[in-house]
Structure formats: C-alpha cells, structure tokens
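The block underneath contains the structure these notes are about, expressed in structure tokens.
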Amino acid sequence: MQPELLQFATVTLCVGAGTLALRSAFILPGSAARLPEGFRRALAFVPAAVFAGLLVASLHPERVIHPGDPVQLRLPAMLIATLVALRTKSILWTILSGMGSLWLLSWLATLL
C-alpha cells in the first residue's frame, strides 16, 4: 500500500472514530445523562435554522454574475417549490417542482 493512501486511510478512520465517539456520547449513557428541558426544546429549532442559513447563503448577491445566471433563478424556483410544499405536503413533489422549475427557468434564460 502506498504511504499517502495509508496516511489518508489512517486519518480518515481516526477522524471518523472521534466523530462517532463525540456524537454517541449523548446516546450511550441512556437515561443517566438527561438533557435539560430548555435545551431539548431549543433543539427543535436547529433544522429550521440550518435550512434558513443554507437558503440565505445560496441567494447571496455576490454569487449573481449576470441576469441569466442560474444562481439568480433560484429565488423563483424556491418560491415555486415552497408553494408546492405548502399545497401538497410532499417532499418528492417539492423537490421535483423546485428542480424542474429551476431547469426550465435556466433553459428559458438561455433562449433570451
């Protein structure tokens, strides 16, 4: 085995083991390590906060290069996907409508 590959595999395994140990520290003790109720309630907001952060970062104005740029077409596609999500409550239809509208808008932008 090449030394670079061995070093990469060793580092990857060590980092993976460390990550697993840190994440399982809350699960393995079971009922002995109870999280405070306020902390558990706050954890319910983490997915929405992460989603909002990803959404805002993807719409940042510095990423817009020219009017037909797919980055600028993301906002209308996101709005369409949001309306479909509110109407259907289906993840599959939300993804299909969002990606479909983004591809359609990108294609229409190339025609202009």
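Observations
- Test: Val56 is under 16 Å from the mean Cα position of the chain (by Cα) and modelled with pLDDT under 90: yes
- Pairs with Cβ under 8 Å, 6+ apart, first in segment 36-64 and within 16 Å of Thr82 (Cα to Cα), second in a loop (DSSP other than H, G, I, E, B) and modelled with pLDDT under 85: Ser58/Val71; Leu59/Val71
- Failed condition for Lys89, given (1) at pLDDT 90 or above; (2) at positive phi; (3) charged (D, E, K, R): (1)
- Within segment 13-25, none of the residues are surrounded by 11 or more Cβ atoms within 10 Å (Cβ to Cβ) and at pLDDT below 90.
The values are calculated or read from the model by the stated rules, or taken from the named source; none is laboratory data. In this text the structure is predicted, and so the values were computed from the model without any measurement. Cβ sites come from the backbone with ideal geometry, for glycine too, and all protein chains shown count toward neighbours.
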